[in-house]
Amino acid sequence: MRIAVYAAMGLVALLLQAAVVPHALVFGQGPALPILPVVAVGLLYGTSEGAWAGGVIGALTDLFLGGAWGVGTLLYMATGYACGRLAGARGGGRLLVAVAAAGVAAAVVRAAGIAALRAGGGHVSLSALVPSPAYVAYTAVLAPFVLALFDGRATGRRRRRERAARL
Amino acid sequence: MERPPGPLRTVLVVLCIVALLGVYVATRRGTAATRRVAAAAAQAVAPAQTALWRAAAWVAGDVAYVQSLVHAEREVARLKAELAQARFAVLRERAAVSQDRTLRAVLHLRQDLAMPTVAAEVVGLSPASWWESLTIDRGGADGVTAGAPVLAPGGVVGRVWTVAPHTAAVMLLANGESGVGVMDARSGALGVALGDSVPQRLTVDFFSPTAAVRAGDELVTSGLGGVFPRGLPVARVDAVSQGPTGLVSAAATPAVDPTTVSTVLVVETPGP
């Protein structure tokens, strides 16, 4: 069930990335939307769920690109796991962690993806590994909103469960 | 599902990572299978993606219009309504003129090329930050084949990477896997323009150590690879450098910015 939920989240993120982000560029750059649900799930539910979400969304990314398979899966999985290690912060601290985690994850995933492309025979210069500040900042700024969205859903579920238990 | 015990879990995770690395090694240059799966996936989401793209374009246009209205209101409140109407009319006219100009340019390019082409609309950009590509609304059923050159009025956009029946993914010039034979339009020096996985950036390696290339030079397709017709604009040279091997290389900006392209032409080829 949760795999289907993560797949649906990934599909929506990939569709928005491909069809909506190009109309909302800042300094010619768009955010890395598919990384945001992975970061949010990791921060809210821990390492295991983060890695699952990352694995499913990363696999979808690989599938849609038609290039090497496994790169996106591994990178996103590692991102979800790493964000899960940061889980536990509350309130404003968690939002700051989300901003930082999303920015770092966007930069690292992009750099690792390009490095894998280079390792696979692609002719990419090392300077390409450095992401543009606009790309990192744009992704980081959106992270608290995605986190709040997921947090709201989780809180709603918890309240419904508590109410049902009381009844 | 019950969680496996600690050591078993570690073994499973390691096996999973090894398996994924194995899959990566087996498919690292992209295989026919990966492309077929990507094409099928693209085809499955094509209607939703196209609808989203059009809706987003519409909203983006409206947002720009509303922004211009707010600005006008601040400056000349008294004339707001009149100004809004006038601006709306101008915007509509401009959009019509711009679209007309784009279509004329595409038509001229089509006539100049003197080869069969398929006109396609752009309906998506790459979902991953390390893979420079765009999606068009024409596919195999319309005569689009893998490897076919994709052009816009400004020059070369890239080449078709995966083909579904009614959509296709185009690998942009800036993609790290992309390479196009080019010629310096001024000096005639030959080279190859390689993608750098960075939007709007190419590295051009020239074959001759004496290539007299200068910043500002226009690079056009050399036609040597047999894929692209000769003489189409590819990029403009930004800076020239000489490597340790003595060969000349240059940093260049592609002639076509894919984020501003709405219509492209796909050259019909016999296929791979």
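Considering amide H positions built from the backbone, and no H for Pro or chain starts, which residues 5 or more places from A:Gly120, or on another chain, come under 5 Å of its amide H?
Residues meeting the criterion, in which the H sits 1.01 Å from N, do not exist here.
For chain A, give the percent of accessible area contributed by carbon and sulfur heavy atoms, probe 1.4 Å, rounded to a whole number.
Looking at chain A in its full context, I get 70 percent from C and S.
What is the set of long-range amide H partners of B:Asp238 at a cut-off below 5 Å, with H atoms built 1.01 Å from backbone N?
So B:Asp238 has HN proximity to B:Gly216, B:Ala251, B:Ala252, B:Thr253.
In whole angstrom, and with the biggest value first, how far do the Cα coordinates of segment A:66-133 range along each principal axis?
Reported extents, whole Å, longest axis first: 45, 25, 17.
Quote the convex hull volume per residue of chain A, based on C-alpha atoms, as a whole number of Å³.
121
Keeping the other protein chains in place, figure out the carbon and sulfur percent of the accessible area of segment B:117-267, with a 1.4 Å probe.
56
In Å², and per residue, what accessible area does the protein assembly as shown have when probed at 1.4 Å with the other protein chains present?
49
Kyte-Doolittle mean at least -1.0 and Cα extent at least 18 Å along the axis: which DSSP H helices of chain A qualify?
Correct list, ordered by number: A:2-19, A:47-65, A:71-85, A:91-119, A:133-166.
Quick one: Cα centre-to-centre distance for segment B:155-202 and segment A:103-156, in angstrom?
24
Measure out, as a whole number of angstrom, how far apart the alpha-carbon centroids of segment A:42-86 and segment B:32-54 sit.
Using only Cα atoms to place each centre, the spacing works out to 21 Å.
In what sequence, largest accessible area first, do B:Thr145, B:Thr34, B:Thr259 appear using a 1.4 Å probe?
The ordering from most to least exposed comes out as B:Thr259, B:Thr145, B:Thr34.
Take the alpha carbon atoms of the protein assembly as shown, find their radius of gyration, then divide it by 2.2 N^0.38 Å using N residues; give the quotient.
So the Cα radius of gyration is 1.07 times the expected 2.2 N^0.38 Å.
How big a patch of accessible area, both sides summed and in Å² to the nearest 100, lies buried between A and B at a 1.4 Å probe?
Buried area (both sides, nearest 100 Å²): 3800 Å².
The values are calculated or read from the model by the stated rules, or taken from the named source; none is laboratory data. The structure displayed is predicted, hence computed values, not measured ones. Ligands, DNA and RNA are excluded from the accessible area calculation, which covers all protein heavy atoms including side chains. Shrake-Rupley method; radii C 1.70, N 1.55, O 1.52, S 1.80 Å.
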